[in-house]
Amino acid sequence: MLRNGRGGVTTSSLRIGALRAENANATSSLSETLNRTLAQLEAVTLALASSRREVQAAQDRIQTLTEINVRLHQELADLARKEARVRNFAYHDELTGLPNRRLLLDRLRQAIAQAARHNKQVVLLLLDLDGFKRVNDTLGHPAGDKLLQGVARRLRDGIRGADTACRYGGDEFLVMLPDVDNSGMAAAVWAKLKLALDEPYVIDAFQVRVATSMGAVVYPTDGQTEKELIRRADAALYRAKAKSAEVRIEALPTEISVKTNQPSLMDYALTTRQPLSA
């Protein structure tokens, strides 16, 4: 029995040793696995941190590019506005806002070509303000500028949508009427313009009346090219200006006059009716 007892103890001891060895191995394996997992977790954490930095850098770059894009759009819009202003100055009169001579000539060439294709007429009315120099001399150049602006507004309001009124130079204006079927149409437009231009202009504290001379020509009767038509319109205007013209400047009644620091011009015998030199 003792042997059996000793043999049983020995067997138990061996099993315990084996279990301890297995536990040790398992513990070692778990420890290695845990260490590898921790190492992987640390690597993932570092990668995540790096990715976050990259994402933040990408977001910062996107923000920078967005700001640059907004600034470029603003600069492009500014350039477009500047280009529009330059183009407007190139083809329009700065004082009155009307088309200038360059734009008028371009439109006149197109109107002549259109009229030739459709057997229509083009009418040119060259206008000149009689006595404009006297307005400048009496009331000053700022008043003369206001008079020109007033004339421009009345011309613009008195023509058709397809017509062109331009400041041709100084106190001369040129009105082009394209696609005219008959002379009666042009006469009606001129009658409307003359009625508007003959009305007095209120400039500062004065009421100014100016006469308007006109030279009229018709394509194709009076010329085949824009230069020929304008030359003949100028000659017709010169003949019209040879007649008596007048300018009348009157102080407005006190109750409707505009306050001004300028001295009264009543001492100049402002109401003037006499022929003016061309």
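Each value in this text was obtained by applying a stated rule to the coordinates, not by laboratory testing. The shown structure was predicted, so the numbers you read here are calculated from the model rather than taken from an experiment. In this analysis, Cβ positions are derived from the backbone assuming ideal geometry, glycine residues included, and neighbour counts consider all displayed protein chains.
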- Segments 121-134, 145-158 sorted - mean Cβ within 10 Å per residue, highest first: 121-134, 145-158
- Given charges at beta-carbon only (K, R positive; D, E negative), |dipole| of segment 101-268 in Debye: 500 debye
- Once you've got the Cα coordinates, tell me which of Lys133/Lys194; Lys146/Lys194; Lys194/Lys241; Lys133/Lys243; Lys194/Lys243 are over 23 Å apart. none
- In whole Hz, what ³J(HN,Hα) sequence does segment 212-224 give by Karplus (6.51, -1.76, 1.60; θ = phi - 60°), x for Gly and Pro? 10, 8, 9, x, 10, 9, 10, 8, x, 4, 9, x, 9
- In order through segment 230-240: 3J(HN,Hα) via Karplus (6.51 cos²θ - 1.76 cosθ + 1.60), integer Hz, x for Gly, Pro: 5, 4, 6, 5, 5, 5, 5, 5, 4, 5, 5
- Query: If you take the Cα Rg of segment 101-268 and divide it by 2.2 N^0.38 Å, with N the number of residues, what do you get?
  - Reply: 1.15
